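Inspection log for the structure reproduced underneath, given as structure tokens.
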Amino acid sequence: PRVPLDHIFEDNRGIIKNLLHTPIYSVAYITSKKGAERASHYHDTDHHYAFVLSGEIEYLERNLDGTNLQSWTFKTGDMFYTRPKIVHIMKFKEDTVFMTFSRIMKDHEHYEEDVKRVTF
């Protein structure tokens with residue numbers, strides 16, 4: 001699910017890296033401590049992008065029926081994508097900061113309506 005990023009524009013002032021060119025409704029800033037796990041769920045309709053600001057994430061996903069298990073490691077500067085109805089879990093190899101971008105409102109009420117918790 002790695003997402004290729006646009007070419008970086010750089011000059012003497014710094015850099016500009018465009019992360020997304022798609023409608024987004026919610027952006028979350030998330031910190032996770034080394035050894036923590038997040039997710040172990042799927043989203044009924046939502047999908048999300050995640051951009052790693054610092055640290056490292058081991059990301060695993062599979063189909064709802066348990067088939068097609070895949071894993072990736074994402075590090076600082078990587079972006080990845082999670083589709084609807086894909087069971088996923090994130091494991092943190094070190095203290096990590098990342099952001100998620102999704103198409104639904106992520107306040108507690110709306111988030112819980114869409115997320116389905118499972119044992120990975």
### Summary
Here Rg/Rh (Cα, Kirkwood) for region 52-120 equals 0.97
### Task
Rank these residues by their accessible area, most exposed first, probe 1.4 Å: MET79, MET99.
MET99, MET79
### Message
For the full complex of protein chains and a 1.4 angstrom probe, list TYR29, TYR42 by accessible area with the highest value first.
### Response
TYR29, TYR42
### Message
Please enumerate, by chain and number, the lysines with C-alpha under 24 Å from the C-alpha of LYS93, excluding those fewer than 8 residues away in the same chain.
### Response
LYS33, LYS34, LYS75
### Task
Quote the charge dipole size of the chain about the Cα centre in Debye, to the nearest 20; the model charges only the Cβ of Lys and Arg (+1) and of Asp and Glu (-1).
240
### Task
Give me the distance in nm between label points sitting 7 Å out from Cα along the Cα-to-Cβ direction at LEU64 and ARG38, one decimal.
2.5
#### Entry: Answer label for mean projected area of the Cα convex hull in nm² (calculated), chosen among (i) 6.7; (ii) 8.0; (iii) 7.4
(ii)
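The values are calculated or read from the model by the stated rules, or taken from the named source; none is laboratory data. All figures in this text were calculated on a predicted structure; none of them were measured in a lab. Don't worry about glycine lacking a Cβ; one is built from the backbone with ideal geometry, like all the others, and counts go over all protein chains shown. To get the accessible areas, we keep the full protein, side chains included, count just its heavy atoms, and leave off ligands, DNA and RNA. Shrake-Rupley method; radii C 1.70, N 1.55, O 1.52, S 1.80 Å.
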